[in-house]
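What follows is one structure encoded as structure tokens, with my remarks underneath.
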Amino acid sequence: MTGMPADTEQEAQRLSTALNKEVESHGLILEEVTLRPSGKQMIIQIIVDKADGHDSVNLDELGEVTTTISNALDRDPVYASASPYELEVSSPGLSRPLTAQRHWVRALNRMVKVSLTDGTKLRGRLTEVNDDDVVIVEHREPAKKGMKAKVLDPATYSFDNIRKAVVDPELNFDDSLFDNIDTEDLEG
């Protein structure tokens, strides 16, 4: 077959099945496969992640699994003779929705933004992850600038009542780090 598959959703599903064992051989899981036409070529985006634990996929692991995926695509009957394609393999970023329990476990002790099925939105620190629910200590924004956020008591939220959730990155800079900068190195 020359060219690229016309039905990208169906082809993404086929690739997910075909590449799943290749990714698992690295101790990773295949999160998602997306195909996107770009001019005369196809962009194949593949997201891999660790099956459990708090660690993220490191660059060495990402490089190794990318090589394995690329080799598998070179042997695949569709892509071995297809028009050029671009392969992008990455791990999920911070903006990934928290949809599986393992996503929540990885986000433990981080700030999260949550939308509940009743329309309520909240932001707080994820303190506990259970089989059916999570515990979040909500942080309410202050009424006026300069005031501290109000920290509420921990509350339990069932996964069934959570419509959408993402990690809310915190930017906490330690000013003492600036004391270690050699200003002569900064001057050109």
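Values as computed for the structure displayed
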{"read-out": "Cα-based shape type of region 50-181, given that a ≥ b ≥ c are square roots of the gyration tensor eigenvalues and the cut on a/c is 1.5", "value": "prolate"}
{"read-out": "Helix axis angle, 59-75 relative to the chain longest principal axis, alpha carbon, degrees", "value": "30 degrees"}
{"read-out": "Carbon + sulfur, % of accessible area of the chain - ligands and nucleic acids excluded, 1.4 Å", "value": "47 percent"}
{"read-out": "Per residue, in Å², the accessible surface of the chain once ligands and nucleic acids are set aside, probe 1.4 Å", "value": "65 Å²"}
{"read-out": "Lysine pairs within the chain, Cα separation less than 27 Å, 8 or more sequence positions apart or different chains", "value": "16"}
{"read-out": "Distance in nm between pseudo-label sites at SER115 and ALA72 (7 Å out along the Cβ direction from Cα)", "value": "3.2 nm"}
{"read-out": "Helix axis angle, 8-24 relative to the chain longest principal axis, alpha carbon, degrees", "value": "80 degrees"}
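The values are calculated or read from the model by the stated rules, or taken from the named source; none is laboratory data. Quantities reported herein were computed from a predicted structural model and do not represent experimental measurements. Backbone-built Cβ (ideal geometry, glycine too); neighbour counts: all protein chains shown. With ligands, DNA and RNA removed, areas are computed over all heavy atoms of the protein, side chains included. Shrake-Rupley method; radii C 1.70, N 1.55, O 1.52, S 1.80 Å.
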